[in-house]
Amino acid sequence: MAKRQLRVDTKEGIRKKLLEISGKKVNIVMISGAVFFVLIHEVFEKTITVSDMRRTKSKLEIDQIAEIILDVDA
């Protein structure tokens, strides 16, 4: 089945999409340029709780996210 990428790269768009994509695997690009492939667990006002593919949990600050990339069915 074909897939396409959904890219969210504005602060408003990121905040709106976070609740919708909670529980999904996404690529998160930070302002620093670091990229993480994670599963989003919880969304809070200023942070999100994620786990990487080694199941290591982390908290990321929403203000430090530059872009979220999500694969969706075409």
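What the table shows:
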{"quantity": "Candidate set: segment 33-66, residues that are of a type in the set (Phe, Trp, Tyr) and part of a strand (DSSP E or B); chosen: the one surrounded by the most Cβ atoms within 10 Å (Cβ to Cβ)", "calculated": "Phe36"}
{"quantity": "Selection status of Thr49, over 12 Å from the mean Cα position of the chain (by Cα), of a type in the set (S, T, N, Q) and modelled with pLDDT of 95 or more", "calculated": "no"}
{"quantity": "Scan of segment 1-20 for residues that are assigned to a strand (DSSP E or B) and of a type in the set (S, T, N, Q), ordered by number", "calculated": "Gln5"}
{"quantity": "Neighbours by Cβ (under 7 Å, 6+ apart or cross-chain): first from segment 34-60, within 15 Å of Gly23 (Cα to Cα); second part of a loop (DSSP other than H, G, I, E, B)", "calculated": "Phe37/Met53; Ile40/Ser22; Ile40/Gly23; Ile40/Lys24; Val43/Ser22"}
{"quantity": "Residues of segment 26-49 classified as more than 16 Å from Glu67 (Cα to Cα) and charged (D, E, K, R), total", "calculated": "2"}
{"quantity": "Residues being of a type in the set (Val, Ile, Thr) and surrounded by fewer than 16 Cβ atoms within 10 Å (Cβ to Cβ) - total across segment 1-32", "calculated": "2"}
{"quantity": "Filter result for Ile31 (over 24 Å from Lys3 (Cβ atoms), at pLDDT 95 or above and of a type in the set (A, V, I, L, M))", "calculated": "yes"}
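The values are calculated or read from the model by the stated rules, or taken from the named source; none is laboratory data. No experiment lies behind these values; they were computed from the predicted model shown. Note that each Cβ is placed from the backbone with ideal geometry, even for glycine, and that neighbours are counted across all protein chains shown.
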